[in-house]
Amino acid sequence: SGGQLSLRGQSDGNGVTVNGLGSSAVFLGNTVDINSGTTSLASGSSITGQNGITLSAATLSMLGSASRIINAAGNATINLTNAFTNNGLMYSAGNLTLNGYTITNASTGGIAASGTLDVNSTGSVYNDGAFYGGTLLDISAPSEIYNRATGTMDSGQDMAFTSNVLVIESLRLLS
């Protein structure tokens with residue numbers, strides 16, 4: 001689509017389900033705005049914005065390592081209510097902000113931005129995969145930030161962590 005792709009439900013998206021359950025389902029727009037109760041992407045499915053993505057959902061399910069949310073230019077913001085596990089790739093050529101409850105980046109997961117990657121959890125952040133912020137990697141979680149042995153946290157410039165507990169199982173924090 002050359003214009004805006006907007007998928008929205010009434011009452012803040014409650015009751016609306018956006019499913020990319022086919023292995024090649026594509027949601028594409030110059031800008032993408034999704035507001036749903038549940039958004040699911042099968043492995044091989046993608047949400048792609050050419051100039052920005054805003055995704056707000058109670059639940060986001062990235063069901064395989066080939067699930068993708070890609071923003072080619074501009075900024076992307078993802079707001080989630082429930083716990084989230086990333087098995088695929090989330091990338092923005094600009095800044096990427098991910099807000100949620102407990103955020104888990106699985107060993108097959110990558111969450112990255114060429115600009116600032118801003119991860120804000122109201123619970124904990126667990127990383128078995130890769131976090132990358134081109135100019136800044138900023139992770140906040142009141143309970144704990146836990147970078148497991150297979151996890152990497154990288155930045156081309158700066159990193160900031162805000163939490164009551166920071167656990168690093170591997171020495172893979174690179175700035």
Every residue from segment 113-140 that is among the aliphatic types (A, V, I, L, M) and surrounded by fewer than 19 Cβ atoms within 10 Å (Cβ to Cβ)
LEU136
Can you pull out the residues in segment 121-175 that are among the acidic types (Asp, Glu) and in a loop (DSSP other than H, G, I, E, B)?
ASP128, GLU169
Check SER107 against each of (1) among the small types (Gly, Ala, Ser); (2) open to solvent by less than 40 Å² (accessible area, probe 1.4 Å); (3) out of contact with any strand residue (DSSP E or B) (no Cβ under 7 Å at 6 or more places or on another chain) and name the one condition it does not meet.
(2)
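Of the residues SER40, SER36, only one is assigned to a strand (DSSP E or B), free of Cβ contacts under 8 Å to residues at least 24 places away in the same chain, buried (at least 18 other Cβ atoms within 10 Å of the Cβ) and not β-branched (Val, Ile, Thr); which? Break it down stepwise before answering.
Details: SER36 fails: free of Cβ contacts under 8 Å to residues at least 24 places away in the same chain.
Answer to the check: SER40.
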Is it true that some residue in segment 97-120 is of a type outside the set (Val, Ile, Thr), part of a strand (DSSP E or B) and over 22 Å from ILE168 (Cβ atoms)?
yes
Failed condition for GLY64, given (1) at pLDDT 90 or above; (2) over 22 Å from SER107 (Cβ atoms); (3) assigned to a loop (DSSP other than H, G, I, E, B), with all others met?
(2)
Mind listing whichever residues of segment 93-104 are closer than 13 Å to TYR132 by Cα and open to solvent by 30 Å² or more (accessible area, probe 1.4 Å)?
ALA93, ASN95, THR97
Name every residue in segment 67-92 that is open to solvent by 10 Å² or more (accessible area, probe 1.4 Å), of a type in the set (A, V, I, L, M, F, W, C) and in a strand (DSSP E or B), in order of residue number.
ILE70, LEU80, LEU89
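The values are calculated or read from the model by the stated rules, or taken from the named source; none is laboratory data. Computed from a prediction, not measured in an experiment: that's the story for all the values here. Please note: Cβ atoms are built from the backbone with ideal geometry, for glycine as well, and neighbour counts cover all protein chains shown. Note: accessible area is taken over every heavy atom of the protein model, side chains too, but ligands, DNA and RNA are not part of it. Shrake-Rupley method; radii C 1.70, N 1.55, O 1.52, S 1.80 Å.
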